[in-house]
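All of the numbers you see were taken from the coordinates with simple rules; none came from a lab. The structure displayed is predicted, hence computed values, not measured ones. In this analysis, Cβ positions are derived from the backbone assuming ideal geometry, glycine residues included, and neighbour counts consider all displayed protein chains.
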Amino acid sequence: MNLERIPNEEKLSLSRRYYLGGFAFLPFLWLVNVLWFFREAFLKPTYTEQPQIKSYVKKSALGLIVWVAVLTTWITIFQHFRAQWGEVGDYLSFTIPLGTA
Amino acid sequence: MRLLQLWAFGFCHLLFMNTSDSEEDSYNERSALVQCESPTIPSYNQDHDMSLPQETDTKRRRPVSSGLDEPGPVERERASTPDGEEEELTLKYGAKHVIMLFIPVTLCMVVVVATIKSVSFYTEKTSQRLIYTPFEEDPNSVGQRLLNSLLNTMVMISVIVVMTIILVVLYKYRCYKFIHGWLILSSLMLLFWFSFMYLGEVFKTYNVAMDYPTLVMIIWNFGVVGMICIHWKGPLRLQQAYLIVISALMALIFIKYLPEWSAWVILGAISIYDLIAVLCPKGPLRMLVETAQERNEPIFPALIYSSAMVWMVGMADSSNPDSADERQRNEGGALAQEGVESEDDATQGGRRRYSAEEDLEEDRGVKLGLGDFIFYSVLVGKAATTGGDWNTTLACFVAILIGLCLTLLLLAIFKKALPALPISITFGLVFYFSTDNLVRPFMDSLAAHQYYI
């Protein structure tokens, strides 16, 4: 879908929906929101709905950063301590790397 | 777990196939519709997957076909209004659109071949088979093996035919919700279940530890954003990427679960079926298109890959509902098709619709059905699996692209719905078998004797 062709109200509504949808544990949706509407929000000449779109993009970016931080922390902790956790580590693991003899 | 997987897979396959049928039909119909409505706009349907973009613009005399065509002279002969400018635009767009199709097809094949070469899961032969290929191939007896693969093919093709007919019936009796639901279920299956399997295998191959919470997050995000992009609204590039990924996933499943010889025979049979279904007057796809044309309805979102945005500059939404629909479809039309569907679609002989926009902006989107993607990738993937070396794989890849070019050319010449599979698959098969049996031993013995040519 091309953003050029749809009217501004629809762009706003789309951005808002993407922003709201991201709260369902969907940081990827926030990322798409930021990337897709970045040009609309910041690089285009001002129009009526632009400040709102800008706010949605900023909030999505904020949420995205928070999620990235959380996930990075968790992944680091898991990868580092997985072996030490023993049974819990195995229980949490989807794939367990095979060791070398 | 494995049994459950297989059963679920088979079941979903059934669903998918059904869905794809519907989709295909809708797609094909659409394409056909557009053609009739706008005689100036040749909508070529290639591969059922592709149909969809309906151009209702009649005004544009744009030689769409020309656009698709690379060679100018062909267009000139046919163009009804051979303006110099039109020809030029045709040439310009033709080459551009061929390239626009090459890139996604190439990407899909690259993904499939890369996975095949690195993740051994997809090349391990298991005793599990799809329910569509019930006969086991016995490697000991050539005759028995051939017979069983032929029987498998017949089973699969008949399943596809039945599904297509069910789809036509559903469409005729306006059971749109049912079809929509099917489509959604199919894409859900593909986006969540198959990608979960794929990710699991990739992690195992690279010996990476992965925990469930992270995995759930990844799959959840991937799946939901995929559903949004494909069935609703999303950035075009992301939609295209999802469609390519989905086609690749489906192709990988086929490569894994279709028995050796059956796969080749099925490829051949599906191309023939595609040809019949699209070109024969009583073919299900054609009937679907006609029905859609009679009703002048937009086709439900089909799984077609849309390579470009179609611009409708100067046309407001309300002014021309058809155009708006068309545009809508073009914009958001590329839906990921379930693999099965694509397969069905492919067999149905999807067409490629080329919508000509009447507006000042000329940027037509070329749409290709997902079934085409899937079967091209299956062919190249199988060549990578069994061919042994890169010569065969590359030969098949080139063959398919040549076939695609020729199909586009034919579309430009005939200006009607044509199946996308036959030419490419035929070339692919010919190249595969000849390279495997003639070129490879030749290259090997050249290398052995250190003789460079």
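Observations on the structure shown:
- Using θ = phi - 60° in the Karplus curve 6.51 cos²θ - 1.76 cosθ + 1.60, the 3J(HN,Hα) couplings for the range B:149-155 round to 5, 5, 5, 4, 4, 4, 4 Hz; x is entered for Gly and Pro.
- Here the range A:21-98 and the range B:151-202 have alpha carbon centers that stand 32 Å from each other.
- With a threshold of 25 Å on the Cα-Cα distance, the over-threshold entries among B:LYS282/B:LYS415; B:LYS117/B:LYS233; A:LYS11/B:LYS416; B:LYS96/B:LYS282; B:LYS177/B:LYS382 are B:LYS117/B:LYS233; A:LYS11/B:LYS416; B:LYS96/B:LYS282; B:LYS177/B:LYS382.
- Peptides B:232-241, B:279-288 ordered by packing proxy, namely the average of other Cβ atoms within 10 Å per residue, highest first: B:279-288, B:232-241.
- Spatial separation of Cα centroids for the range B:378-433 and the range B:208-223, in angstrom: 36 Å
- Note on A:86-94: average number of Cβ atoms from other chains within 10 Å of each residue's Cβ is 3.
- 5 angstrom amide H check on B:TYR305, placed H, neighbours 5+ away: B:LEU368, B:GLY369, B:LEU370
- The chymotrypsin sites (Phe, Trp or Tyr not before Pro) of the range A:1-61 meeting both criteria, a DSSP state outside H, G, I, E and B (loop) and at most 13 other C-beta atoms within 10 angstrom of the site's C-beta, are A:PHE23, A:PHE25, A:TYR47.
- Residue-averaged beta-carbon neighbours from other chains (10 angstrom radius) around B:243-253: 0
- Degrees between helix A:27-38 axis and first principal axis of chain A (Cα, 0 to 90, nearest 10): 30 degrees
- Residue by residue along B:231-242, Cβ atoms of other protein chains within 10 Å of the local Cβ number 3 on average.
- Electrostatic tally near A:SER55: other residues with Cβ closer than 14 Å to its Cβ, Lys and Arg +1, Asp and Glu -1, net +3.
- Applying a DSSP loop filter and a limit of 11 other Cβ atoms within 10 Å to the GluC sites (Glu not before Pro) in the range B:103-176 leaves B:GLU124.
- A DSSP coil position with no more than 15 other Cβ atoms inside 10 Å describes the following trypsin sites (Lys or Arg not before Pro) in the range B:92-138: B:LYS125.
- As a rough guide to protection, the peptides B:251-262, B:98-109 ranked by mean Cβ packing within 10 Å, highest first, stand as B:251-262, B:98-109.
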